[in-house]
Every structure is written in structure tokens, then in C-alpha cells.
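Report on one structure; see the data block that follows.
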Ligand code: GLU
């Protein structure tokens, strides 16, 4: 059974980087007919907020990334305590009392001597009496997992053969001094107990994976298939870490990005396959293959999402957007026609409002001095509305006959007078929608 999970910490809004992780795990589960878990990594009570849990769910729902169940780490603390006890019993867990400043000093010394800054395991040498004394003095220590100092290897779904020397990695802290269980342990316990078969996450987790493989083995489990995707950079290869705050899924939704544009982009970005706009998330499932992704940093440009959004909107029938269009106050009799005219002239649905305002209130006319007389004469010939699909050609024929103007010299001044713009939708379609012709007043 293929089981995957998306495991955000609810400490902020999720962004395009998180989406990449979520989508890959989602697609693997759906393609295999398996199960996709939304796991809330909320072991940190200070930083985790319920508001972010809700926001994460809303963002995933907006995209149509449906989950089969939700798990919360805060409800599973007893499971982690039990695993910690087992590690203690088997001698793989030890308490260490160094302060952050002391650790920092040790690291600096090691670096000065040209050695990797790996925790020196000084705490392992403490006698029981020394430990008791330190605990009395400093309070509870942190609990570190004692790595077996051998090479840790796995075949990564994206990175291929990985081999990490455990001696080059510090024994990971799994429980903090205040008793808080850290993600490295909680995640392992969850993945084992929930039968997670595939874990896709960012390449910033590669070292975690090495230590987690040993923790899983110590607890008697089998590691899932791991794959680590590259991190996103900006369009010029610059780090996105500072900008990710502005690339939250809610910001993109506000900006009008269509979910399917974002999903189509993200399901292929950084892979050997071209980005292709799909109609529906289900169309992304079959062609998804994690092994097609590369390890190089992946350039992401949010601007790419807008042409894709525009393209998607052009394919939508009125029914798909009826609610949104009516929400603008477009009268029922005009709404479908309004959409057909507007959809070819918008980038996002947010642009609809401007078009509706223009049709409802009319535009400030633009009339060049040399056309003033012509426009005035033409407007005399314009019958009262409502206009229909024939009105524009009937009117312009009459104007042509009366003034002798034709072609661009005939049409352009009228377009500018009625819409205030030199470009835009077909005037035959615009005229029936225009509720007010300000140039006439
Ligand atoms: N909560 C972790 C994170 O957001 C999950 C990592 C994982 O997928 O194991 O980085």
C-alpha cells in the first residue's frame, strides 16, 4: 500500500516551496491508488497556531489537493515518549548538558582546527554522579540519539545513490531540555506507525534522513522510500528563502492565479518533462514520475503563472465562472455574453471587475481633435440601446454612408470614443454590453 504524507509545521502560511512537497506526495499516492495523509507537525506549542492549521487546509482545498486523513503530532506525544523509552533502554539515547554557548565554542574550535563541527560526545563520558550534579545545576539536559558510526546509504528517488558517513554528523537531539520532542523523532515514529511508504521532501532534509534511517532501524522499522527534491530559487538563481513569505499560496490566490495553472507548473518544474497546462488535477496524476526530477536548484518565476492562468480562463465556459460574474452585479441577461467577451481580455479573474465597471459606467471617451466633428456626427446616428450583435455593423454602415470614412479611420475613433482605449474586444460584442455611452452625453 502506497502511503504518503504532507507534514507542514503550522507556524506560518504555506508557500510555493511547500506546495512542491505537498503535490509530489499527493501525486505519488493518487497514482498508486494509495493514501495521502495531511500530518500537522505541531509539537512546538509556542510556534504552532490553530489559525495556520486552518489556513493550510484552506490552501490545499483551494488547490484540490484532497487528503484522506489528518494526523496531529500534538495528539501523539505518548507514542513519542514510548519510542524514547525504548531508545533509552537499548542504550542509544543519552542526556547532554552543554549550553548553546558551549556548543558554539566547541564548533568554533573544531572549525579552527580544520575539523568538521560534529558534536564530540563529551556527555557520553559523564559518570552518573556528574550527570546528577549537572542536572541539579542546569536542569534537564537534551537527549541525543547515539549514531552508529558507519556509512548510511540509500537510493534516493531523485538524488540516486546517497552515502553519508555518520561520523560526519552530530548525534541528533531528539528531546529538548524542556521535554519537547523534536521533529526528527516524532516524524520517524509517525512514518513507521502510519505505514508511510514514500517520503518526498526538500533536499534541506538529506542529513535528517541519514539520522532517521538509523533511528528507524533502532526502533525495528523499515525505512520508507526517500526522495529529496531540489530547493526553489528565484528566476535568476537567487535564494528564495527571504521571498517565500511573499510567495504564500494565499498571496497567489489573492493575485488571481488559477489553481490549475499553479499545479500544472509545479508538477513539472524542475523535471525533464515540459510544463503543460492541464484542465484538471486528475490529468497530472498519470504522467507524474518522480525520477524525472533533477537535483539542480529549480528556478521559479511567479510571472510564469499569469500567462498560464490567462490561457486557462480562455477555455472556461460561462458556467464555470457564473458565480463570480454574478457576484460583480452583472445582470443575468448579460452575464454569459459579458464572460465570453471578457475572458479573452483578462489575465486573472480579478481583471473582470475593471471590465464590468467599464461596461456598466461607460468609459471616459478619448477623442482626438481631428476626429471631434466626425465622432459627434457618428454619435447622432447611434440609435438608443439596448443594442444587439448587429447594432455595431448597422451603425458603422450608416456612419460610413454619411461621412465617407472607412476602415481604420472609421472604426478607431469610435472605439476610442466608446471605450477610452485603442485596443480591446470586438466592438460588435462590446456595444450590446455598454450600459452607458459617456461620449453621447
Ligand atoms: N515538518 C517538517 C517540515 O516542514 C516535515 C518534513 C518531512 O517531510 O519529514 O520541514
So residue 17 ticks every box in (1) modelled with pLDDT of 95 or more; (2) touching a helix residue (DSSP H, G or I) at 6+ places or on another chain (Cβ under 8 Å) but one. Which box is left unticked? (1)
Single residue of the stretch 400-420 satisfying the filter (in contact with a helix residue (DSSP H, G or I) (Cβ under 7 Å, 6 or more places away or on another chain) and not in a helix (DSSP H, G or I)) that is surrounded by the fewest Cβ atoms within 10 Å (Cβ to Cβ): 406
Selection from the stretch 362-384 of residues that are out of contact with any helix residue (DSSP H, G or I) (no Cβ under 8 Å at 6 or more places or on another chain) and either within 30 Å of residue 251 (Cα to Cα) or in a loop (DSSP other than H, G, I, E, B) (or both): 384
I'd like to know if the stretch 321-332 contains one or more residues that are assigned to a loop (DSSP other than H, G, I, E, B), at positive phi and loosely packed, with under 15 Cβ neighbours inside 10 Å. yes
If you go through 255, 267, 217, the only one that is away from the ligand (no atom under 16 Å from the Cβ), more than 17 Å from residue 21 (Cβ to Cβ) and in contact with a helix residue (DSSP H, G or I) (Cβ under 8 Å, 6 or more places away or on another chain) is 255
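For residue 107, state whether it is surrounded by 13 or more Cβ atoms within 10 Å (Cβ to Cβ), assigned to a helix (DSSP H, G or I), in contact (Cβ under 8 Å) with a residue 24 or more places away in the chain and out of contact with any strand residue (DSSP E or B) (no Cβ under 6 Å at 6 or more places or on another chain).
Numbers: surrounded by 13 or more Cβ atoms within 10 Å (Cβ to Cβ): yes; assigned to a helix (DSSP H, G or I): yes; in contact (Cβ under 8 Å) with a residue 24 or more places away in the chain: no; out of contact with any strand residue (DSSP E or B) (no Cβ under 6 Å at 6 or more places or on another chain): yes.
The answer is no for residue 107.
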If you check residue 191 against the conditions, is it modelled with pLDDT of 95 or more and either over 26 Å from residue 32 (Cα atoms) or surrounded by 19 or more Cβ atoms within 10 Å (Cβ to Cβ) (or both)? yes
Residue in the stretch 201-208 that is under 15 Å from residue 81 (Cβ atoms) and either assigned to a helix (DSSP H, G or I) or modelled with pLDDT of 95 or more (or both) present: no
Does residue 230 qualify as being under 13 Å from the mean Cα position of the chain (by Cα), within 16 Å of the ligand (Cβ to nearest atom) and under 28 Å from residue 3 (Cα atoms)? no
Matching strands (runs of 3 or more DSSP E) fully within the stretch 1-89 where at least 1 residues are within 11 Å of the ligand (Cβ to nearest atom) and in contact with a strand residue (DSSP E or B) (Cβ under 7 Å, 6 or more places away or on another chain): 3-6, 35-40
Would you mind finding the one in 177, 157, 202 that is over 20 Å from residue 69 (Cα atoms), within 14 Å of the ligand (Cβ to nearest atom) and surrounded by fewer than 19 Cβ atoms within 10 Å (Cβ to Cβ)? 202
Has the stretch 425-441 got at least one residue that is surrounded by fewer than 18 Cβ atoms within 10 Å (Cβ to Cβ), in contact with a helix residue (DSSP H, G or I) (Cβ under 8 Å, 6 or more places away or on another chain), assigned to a loop (DSSP other than H, G, I, E, B) and without any contact (Cβ under 8 Å) to a residue 24 or more places away in the chain? no
When you look at residue 186, is it more than 21 Å from residue 44 (Cβ to Cβ), modelled with pLDDT of 95 or more and in a helix (DSSP H, G or I), yes or no? no
Matching residues in the stretch 209-254 - criterion: being part of a strand (DSSP E or B) and either modelled with pLDDT under 95 or more than 23 Å from residue 292 (Cα to Cα) (or both): 232, 233, 239, 248
May I ask you to verify whether residue 389 is part of a helix (DSSP H, G or I) and either in contact (Cβ under 8 Å) with a residue 12 or more places away in the chain or farther than 28 Å from residue 309 by Cβ (or both)? no
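Quick grid of which residues meet (1) more than 30 Å from residue 25 (Cβ to Cβ); (2) outside any helix (DSSP H, G or I); (3) in contact (Cβ under 8 Å) with a residue 40 or more places away in the chain:
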| position | (1), (2), (3) |
| --- | --- |
| 114 | yes, yes, no |
| 124 | yes, no, no |
| 129 | yes, no, no |
| 134 | yes, no, no |
| 147 | no, yes, yes |
| 158 | no, yes, yes |
| 167 | yes, no, yes |
| 170 | no, yes, yes |
Within the stretch 182-193, residues in contact (Cβ under 8 Å) with a residue 60 or more places away in the chain and more than 17 Å from residue 9 (Cβ to Cβ) come out as 193
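The values are calculated or read from the model by the stated rules, or taken from the named source; none is laboratory data. Since the structure is predicted, the reported quantities are computational estimates derived from the model, not experimental observations. A quick note on method: Cβ atoms are made from the backbone with ideal geometry, for glycine too, and the neighbour counts reach across all protein chains shown.
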